[in-house]
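Derivation of every value follows stated rules applied to the coordinates shown; laboratory data play no part. Predicted model only: the values in this text are computed from it and were never measured. Methodologically, a virtual Cβ is constructed for each residue, glycine included, from the backbone with ideal geometry; neighbour enumeration extends over all protein chains shown.
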Amino acid sequence: MLKQMLKDLKVVQTGEFVLASGKKSNFFVNIKRASTDPRVLREIGKAMAPHVGDSKIAGMALGAVPIAVAVALETNRPYVMVRKEPKDHGTKELIEGDVVPGEKFVVVEDVATTGGSTMKVVNALRAKGAHVVKAIVVVDREEGAKELLNENGIELISVFKAKDLV
């Protein structure tokens, strides 16, 4: 059902794109288009929930926050939001939400390409003493994320591969 919903929303777009990794691509996976639809977001949360276990959830702003919320609501597990950069005002925190040293976290993402964005979240959590060994993505583009994350002790679980949605 989720696969068809993503296809119906045309989350895979063709054209000329520059990805967050800096790579050029002839297709773009726009999960934000799906995560703004509550029915689809609910299904994403349901698909990711079985992989969370007793971990807390972490998602990077902006794209992964709705996904983190959906998974948190589905699992009743707390979540944190990780900024791309620390705020330059107020508390100047990189992470919003509680991170206690030794706590287990799973990182959720919309799309994985090289794994760089996921590693930013992992490194921010590890800097606070958290234990991170798993990341769950809606779509893995299969362009190196799994390998990079494995090298850093992170198992990558994907709901779909990009080729599943084309």
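Between the beta carbons of residue 91 and residue 62, assuming R0 = 22 Å, the FRET efficiency works out to 0.70 to the nearest 0.05.
Which percent, nearest 5, of DSSP beta bridges in the chain are antiparallel?
Working: 7 of 29 bridges.
Close to 25 percent.
Calculate log10 I(q)/I(0) of region 44-118 for q = 0.14, 0.16, 0.17 Å⁻¹, where I(q) comes from the Debye formula with a single equal point scatterer on each Cα and nothing for solvent. Computed log10 I(q)/I(0) values: -0.43, -0.56, -0.63.
Each principal axis of the Cα cloud of the chain was taken in turn, and the coordinate range along them, longest first, works out to 41, 33, 32 Å.
Quick check on region 78-122: take the gyration tensor over C-alpha atoms, sort the square-rooted eigenvalues as a ≥ b ≥ c, and tell me if it's rounded (a/c under 1.5), prolate or oblate. Oblate, because a/c is 1.5 or more while a/b does not exceed b/c. Take the alpha carbon gyration tensor of region 1-86, find the square roots of its eigenvalues, order them as a ≥ b ≥ c, and report rounded if a/c is under 1.5; if not, report prolate when a/b exceeds b/c, else oblate. Since a/c reaches 1.5 but b/c is at least a/b, the shape of region 1-86 is classed as oblate.
Rounded to the nearest 0.05, what FRET efficiency is calculated for residue 5 and residue 104 with R0 set to 30 Å and r the Cβ-Cβ distance? Walk me through the intermediate numbers first.
Working: r = 30 Å, r/R0 = 1.00.
E between residue 5 and residue 104, to the nearest 0.05, is 0.50.
Per-residue ellipticity at 222 nm from helix content only, as computed over the chain with -39500 (n - 2.57) for each DSSP H run of at least four residues, stands at -9500 deg cm²/dmol. Electrostatic tally near residue 82: other residues with Cβ closer than 9 Å to its Cβ, Lys and Arg +1, Asp and Glu -1, net +2. So which residue, out of 14, 91, 114, gets the largest mean-square fluctuation from a GNM of the chain using Cα contacts under 10 Å as springs? So, out of 14, 91, 114, the one fluctuating most is 91. Neighbour counts of C-beta atoms inside 10 Å place 95, 157, 67 in the sequence 157, 95, 67, starting with the fewest.
Note down the net charge around residue 150, summing +1 for each Lys or Arg and -1 for each Asp or Glu among other residues with Cβ under 15 Å from its Cβ.
Details: positive: 134, 146; negative: 140, 142, 143, 147, 151, 155.
Net charge around residue 150: -4.
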